[in-house]
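Trainee: Pasting a structure below so you can have a look.
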Amino acid sequence: MAIFEVEKLGLHYLTRFGQKIHAVTDVSFSMDQGEILGIAGESGCGKSTLVNGLMGLFIPPLYPTCGDVRVDGESLMNRTPEDVRQNVLSRKVSMIPQGAFNALNPTRKVKDIAADVMAAHMKGIDKKQIYERLIERFNLFGMDTKRVLNSHPIQLTAGERQRSVIGISTLLNPQMVIADEPTSALDVTTQKVVIKMIFDLLEKGIFSTMIFITHELPLLRHVADNIAIMYAGEIVEKGTAEQVVFDPRHPYTKALMGAMLSAEPGQKQRKPTAIEGAPPNLAKPIEGCRFAERCPSAKPECKQKKQEIRIVGDRQVRCDYAE
Amino acid sequence: MQSNNIFTAVNSVCSFGHGKKLVRAVDDVTFHIADEEIVSIVGGSGCGKSVLAKMMLGLHYPSAGTFLYKDKPITDHCVHWREVQAVFQDPFSCFNQFFPIRNQLKAAFGIYKDKPSNKEMEERVDQALLAVNVKPSEVEGKYPFELSGGQMQRMLLARIFVLRPKVLIADEPTSMVDACVRANILDYLMKLKEELKMTIVFITHDIGLAYYVSNRIFIMHKGKIIEQGTPDEVTQSPKSEHTIQLLEDIPEINREWIKA
Ligand SMILES: Nc1ncnc2c1ncn2[C@@H]1O[C@H](COP(=O)(O)OP(=O)(O)O)[C@@H](O)[C@H]1O
Ligand SMILES: Nc1ncnc2c1ncn2[C@@H]1O[C@H](COP(=O)(O)OP(=O)(O)O)[C@@H](O)[C@H]1O
Ligand SMILES: [Mg+2]
Ligand SMILES: [Mg+2]
């Protein structure tokens, strides 16, 4: 049974000029317990906006346009941020916001930041119990627990900070974790350490289901079971990791894979494909396919005809001409 | 005869702090970077790449050893920055939050003694925005906080395309953009390099990117340059264990990476 369902979700920002920016449009998917869904797309395509929408966190200028998000069948829409924070976040779904490891309160020690999270959600738990739980949990992460817990964030390396953030976000054993670019600001070696930690937590059953967001599609081949590709606020392709990485069908996914750089032998001569142009302006209504202007295989009618998701080669593709 | 040296480092050190707290962020490095060369400096975070970049920009002076730009020590920033410009990792720290982006791109011309005409400046800003895949209309009247991190990163690159420097120090300029945009930026940088005969120092932790763009790669580890060579030498027959580690840690799609 699906534990997480998203139905025709649309999200917009209301700007100072009263303009609506439709950052996310017509996003639908569902996830089963134990699934790892990767979402990839270029910066500005709406990934972080989607994350907020998926958590039911609507803080102005972000507003829901339409659609529904359900966790265990319970809708997150039309609720106050306080209600969502208290009853959904951390317990059912936990979020690791983009750049969180650089945004930890610099004046507090890691153990105090963590203790606050636990105290807020576990009534009646005393300080001693909290610290015992913390040490027990942080011992799982392969770090120097005492030093990390007793440090201020700035005294830690980026990797230690990010592992602490993940540790703190999963303290209450949420069913599901949504991680927004948790490794994008890290070097390749630290990225690998952080992802190993995530797999470790999955293996230990601390959480079971995850949405992993990144702008690096190739990384998802190693992380995700299924991959959704976003472009200009829409999901343009969704399939298994194998399908999307090795046999992409949507022209944008193909372009993303074609633009990949690799240090493997013989790759230097291969010219990565760059696509000209820019994503469409989301403040204006868009009639046809959002990728049409940049698509190498666009037909004349693509600019007028809205593209719907259809099934091609066993996966979802938002393109009438994909085969 | 004029040499073609852009940067020359001989046993250069850049250290911070004193006594027990002494950090040798750049530790005894020796190299040449020639005119029109593209050199990538690759290494994990904290290995000293940005400090070395700042030495090239004249923002840190060598604590020991020699560090020269065109065979002379760097003395006057303002003169140095007319020729040597940088794109940095953190896009938000480089733009003033209280002014529209476009004005700030135009203000970049301020470092020149003779500014081009207003019309030419506006045109160059438009071209620069298009070069980084941003429609000028999309940032019209916008402030930095209204753009996403990746869009801001592109604004930083747009600034370089506005300025057209002789030497570009690019400190992880593509770490937040997707592969298509990265390929685009690289394409445009290569075009700029051809046109302006620019020298580029690329700083990255992505050896795949370095492999593709560079004439030579320097691998850095704990402040030292532990390996220098052509992209093929460094990637096909790495000598240092740290280089091998960097190569192994890339999530290549055709090789097992973590799920053993
Ligand atoms: N506070 C905001 N006000 C107006 N527009 C915004 C705001 N935050 C983001 N946007 C716009 O929404 C779109 C999606 O942004 P975001 O979700 O941050 O993308 P991503 O996470 O994929 O990089 C972008 O076009 C961005 O400019
Ligand atoms: N202004 C400074 N004062 C003291 N230490 C610094 C300063 N700048 C950098 N360092 C230290 O120098 C080392 C190298 O940093 P940096 O060059 O930023 O690494 P990276 O390779 O990630 O760019 C780090 O240990 C850092 O803490
Ligand atoms: Mg984001
Ligand atoms: Mg750096």
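The values are calculated or read from the model by the stated rules, or taken from the named source; none is laboratory data. Everything numeric here is computed off the predicted structure, so don't read it as measured data. Here the Cβ positions follow ideal geometry from the backbone for every residue, glycine too, while neighbour counts run over all protein chains shown. Accessible surface areas use protein heavy atoms only, side chains included; no ligands, DNA or RNA. Shrake-Rupley method; radii C 1.70, N 1.55, O 1.52, S 1.80 Å.
Trainee: For the range B:5-248, take the alpha-carbon Rg, divide it by the Kirkwood Rh, and send me Rg/Rh.
Mentor: On the way: Rg = 18.1 Å, Rh = 18.7 Å.
My calculation puts Rg/Rh at 0.97.
Trainee: Turning to a different aspect of this structure: Give me the percent of the accessible area of chain B that comes from carbon and sulfur atoms, probe 1.4 Å, all protein chains in place.
Mentor: 53
Trainee: A further question follows. In peptide B:163-175, how many Cβ atoms from other protein chains are near each Cβ within 10 Å, on average?
Mentor: 1
Trainee: In whole angstrom, note down how far apart the Cα centers of the range A:48-123 and the range A:232-263 are.
Mentor: 29
Trainee: Moving to a separate point now. Within the accessible area of chain A, what % is carbon and sulfur when the probe is 1.4 Å and the other protein chains stay in place?
Mentor: Looking at chain A in its full context, I get 52 percent from C and S.
Trainee: Residue by residue through the range A:10-25, what is 3J(HN,Hα) from phi via Karplus (6.51 cos²θ - 1.76 cosθ + 1.60, θ = phi - 60°)? Round to whole Hz and write x for glycine and proline.
Mentor: x, 9, 9, 9, 10, 8, 4, 8, x, 8, 9, 9, 7, 6, 9, 9
Trainee: Here is a further query. Residues of A:213-221, mean number of Cβ from any other protein chain within 10 Å of their own Cβ, rounded to a whole number?
Mentor: What the average comes to for A:213-221 is 4.
Trainee: Any chance you could list the semi-axes, whole Å, largest first, of the equivalent ellipsoid that the Cα gyration tensor gives for the protein assembly as shown, using √(5λ)? Working shown, then result.
Mentor: Working: eigenvalues 289, 191, 110 Å².
Equivalent ellipsoid of the protein assembly as shown: 38, 31, 23 Å, largest first.
Trainee: State log₁₀ I(q)/I(0) for the range B:138-219 at q = 0.15, 0.17 Å⁻¹ as given by the Debye formula over alpha-carbon point scatterers of equal weight, solvent excluded.
Mentor: -0.56, -0.71
Trainee: Counting alpha carbon pairs within less than 8 Å and at least 6 residues apart, what relative contact order, in whole percent, applies to the range B:5-248?
Mentor: 27
Trainee: What are the ³J(HN,Hα) values, in whole Hz, obtained from phi via the Karplus relation 6.51 cos²θ - 1.76 cosθ + 1.60 with θ = phi - 60°, for each residue of the range A:172-183 in sequence order, with x given for Gly and Pro?
Mentor: Rounded to whole hertz, the list is 8, 6, x, 5, 9, 10, 10, 10, 8, 6, x, 10.
Trainee: If you wrap a convex hull around the C-alpha atoms of the range A:25-151 and split its volume per residue, what is the figure in Å³?
Mentor: Working: hull volume 20.7 nm³, N = 127.
Value for the range A:25-151: 163 Å³ per residue.
Trainee: Would you mind getting the accessible area per residue of the range A:4-317, heavy atoms of the protein chains only, 1.4 Å probe, in Å²?
Mentor: That works out to 41 Å² per residue.
Trainee: To continue, here is another question. Chains B and A: what accessible area do they bury, summed, in square angstrom to the nearest 100, with a 1.4 Å probe?
Mentor: Using a 1.4 Å probe, the pair buries roughly 4500 Å².
Trainee: Moving on to the next point. What ratio of Cα Rg to 2.2 N^0.38 Å holds for the range A:201-276?
Mentor: 1.25
Trainee: Something else about it: If you plug each phi of the range A:253-265 into the Karplus form 6.51 cos²θ - 1.76 cosθ + 1.60 with θ = phi - 60°, what whole-Hz ³J(HN,Hα) values come out, in order, with x for Gly and Pro?
Mentor: Using θ = phi - 60°, the values come out as 4, 4, 5, 4, 5, x, 8, 5, 9, 9, 9, 6, x Hz.
Trainee: Starting from the range A:141-175, pick out the trypsin sites (Lys or Arg not before Pro) whose DSSP state is loop and whose Cβ has at most 10 other Cβ atoms within 10 Å.
Mentor: Listed in order of number, the matching sites amount to none.
Trainee: Could you state the angle between the C-alpha long axis of helix A:127-138 and the longest principal axis of the C-alpha atoms of chain A, as a value from 0 to 90 degrees rounded to the nearest 10?
Mentor: With rounding to tens, the tilt is 50 degrees.
Trainee: Computed FRET efficiency, Cβ-Cβ of A:GLN269 and A:ILE311, R0 45 Å: what is it to the nearest 0.05? Let's see the in-between values first.
Mentor: Working: r = 36 Å, r/R0 = 0.81.
About 0.80, to the nearest 0.05.
Trainee: Please state the charge dipole magnitude for the range B:5-248, taken about the Cα centre, from unit charges on C-beta atoms (+1 on K and R, -1 on D and E), reported in debye and rounded to the nearest 20.
Mentor: Magnitude of the dipole: close to 700 debye.
Trainee: Let me ask something else. Compactness ratio of the range A:126-275: Cα Rg over 2.2 N^0.38 Å, N = residue count?
Mentor: 1.24
Trainee: Still on this structure: Using only the alpha carbons of the range A:4-317, determine the length spanned along each of the three principal axes and report them from longest to shortest in whole angstroms.
Mentor: 68, 52, 37
Trainee: When ligands, DNA and RNA are left out and all protein chains stay put, how many square angstrom of accessible area per residue does the range B:5-248 have with a 1.4 Å probe?
Mentor: 41
Trainee: I need the trypsin sites (Lys or Arg not before Pro) found in the range B:88-174, filtered to DSSP loop residues with at most 10 other beta carbons within 10 Å of theirs. Let's see the in-between values first.
Mentor: Values: sites: B:ARG102, B:LYS106, B:LYS113, B:LYS119, B:ARG124, B:LYS142, B:ARG154, B:ARG159, B:LYS166; in loops: B:LYS113, B:LYS142, B:LYS166.
When the trypsin sites (Lys or Arg not before Pro) of the range B:88-174 are filtered for loop state and at most 10 Cβ neighbours within 10 Å, B:LYS113 remain.
Trainee: What is the mean projected area of the alpha carbon convex hull for the range B:40-116, to one decimal in square nanometres?
Mentor: In nm², the orientation-averaged hull projection of the range B:40-116 is 7.1.
Trainee: Where in the range A:235-311 are there GluC sites (Glu not before Pro) that are in a DSSP coil and have at most 14 other Cβ atoms within 10 angstrom of their Cβ?
Mentor: Taking the range A:235-311 and a limit of 14 other Cβ atoms within 10 Å, the loop GluC sites (Glu not before Pro) found are A:GLU276, A:GLU287, A:GLU308.
Trainee: Give the angle, between 0 and 90 degrees and rounded to the nearest 10, that separates the Cα long axis of helix B:118-131 from the longest principal axis of the Cα atoms of chain B.
Mentor: With both axes taken from Cα atoms, the answer is about 50 degrees.
Trainee: Need the per-residue list for the range A:29-52: every residue with at least 20 Å² less accessible surface in the complex of protein chains than in the chain by itself, probe 1.4 Å, sorted by number.
Mentor: For the range A:29-52, once contacts with the other chains are taken into account, A:GLU42, A:SER43, A:GLY44 lose 20 Å² or more.
Trainee: Under the definition of partner shielding as Cβ atoms of other protein chains within 10 Å of a residue Cβ, what is the mean value for peptide B:180-189?
Mentor: Counting other chains' Cβ atoms within 10 Å and averaging over B:180-189 gives 6.
Trainee: P(r) tail for the range B:103-260, what percent of Cα pairs lie past 27 Å? Spell out each step's value before the answer.
Mentor: Working: 4344 of 12403 pairs.
Cα-Cα pairs of the range B:103-260 separated by over 27 Å account for 35 percent.
Trainee: At most 12 other Cβ atoms within 10 Å plus a DSSP loop assignment makes a site exposed; report the longest stretch of chain B without any exposed chymotrypsin sites (Phe, Trp or Tyr not before Pro).
Mentor: Within chain B, the longest run free of exposed chymotrypsin sites (Phe, Trp or Tyr not before Pro) spans B:113-260.
Trainee: Can you say what percent of the DSSP beta bridges in chain A, counting only those with both residues inside, are antiparallel? Round to 5.
Mentor: 60
Trainee: Just to be sure I understand the model, the point goes 7 Å from the Cα along the line to the Cβ. What's the resulting B:TYR112 to A:ALA283 distance in nm?
Mentor: About 2.9 nm separates the two model spin labels.
Trainee: Distance in nm between label sites at A:GLN155 and A:ALA103, each 7 Å beyond Cα in the beta-carbon direction?
Mentor: 2.5
Trainee: A further question follows. Which angle between 0 and 90 degrees, to the nearest 10, do you get for helix A:188-203 versus the longest principal axis of chain A when only C-alpha atoms count?
Mentor: Result, in degrees: 70.
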